[in-house]
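The values are calculated or read from the model by the stated rules, or taken from the named source; none is laboratory data. Bear in mind the structure is a predicted one, so any value in this text is a computation, not a measurement. Please note: Cβ atoms are built from the backbone with ideal geometry, for glycine as well, and neighbour counts cover all protein chains shown. With ligands, DNA and RNA removed, areas are computed over all heavy atoms of the protein, side chains included. Shrake-Rupley method; radii C 1.70, N 1.55, O 1.52, S 1.80 Å.
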Amino acid sequence: MISHPSRHCTVELQALPSRIGQVRRIVSAQLRYWHLDPLIDRAALGVTELLSNVHRHAQPDKTCTVEIELLLGRLTVSVRDGDPRLPVVGDADPLATCGRGLAMVAALSESWGVRPDGDKGKVVWFTLPTAPPAAMAPLRPARRKAAEPVHRFAEVEPVSRTPEHAPARSAVVG
């Protein structure tokens, strides 16, 4: 079931690898619809990591709910599952092929956390700001006035084609 009132979207699913890709595409499409294209990569990566954790660790089943909500300049992505055990950020071995998901979520998000959901399990969430900080805002060139000519190439001094006198050099070794 997918519901999406103006700034809220909920997807219920079984956290299976094929479904994780579908949810990533749903989240991307919803953010495009909300004109939040700059957040797509981070939100898709974060939701993938959280759903992968549900697939790998949640018991007794893999049923979960993904919720994205835009409120007060902040996008919140949360995953609710039925396992009451809270995840722990661990130190992954440098050669390990897994174990870095929550650390990546922490690195890509503004904030993140976990909260128990009563007897129903837990909710793992992260937030992303909708506007980049001023220091990270993309640089935009100043608009030119209509009367001002646009130079596409740098103007350079003409190059003289007459060679200067240089000492002769022999091309024969010997």
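With a 1.4 Å probe and all protein chains kept in place, how do Lys122, Lys62 rank by accessible area, largest first?
Lys62, Lys122
What's the magnitude of the charge dipole for the range 17-58 around its Cα centre, counting Lys and Arg as +1 and Asp and Glu as -1 at the beta-carbon? Answer in Debye, nearest 20.
140
Peptides 63-70, 103-110: what's the order by average Cβ count within 10 Å, highest mean first?
The packing order, highest mean first, is 63-70, 103-110.
In percent, what relative contact order does the range 33-96 have, based on Cα pairs under 8 Å that are 6 or more apart in sequence?
Taking the mean separation of contacting Cα pairs over the length of the range 33-96, I get 26 percent.
So what is the accessible area of the range 64-123 per residue, in Å², with the probe set to 1.4 Å?
Here the per-residue accessible area is 58 Å².
I need the peptides 8-17, 112-121, 41-50 ranked by packing, meaning the mean over residues of other C-beta atoms within 10 angstrom, with the highest value on top.
The packing order, highest mean first, is 41-50, 8-17, 112-121.
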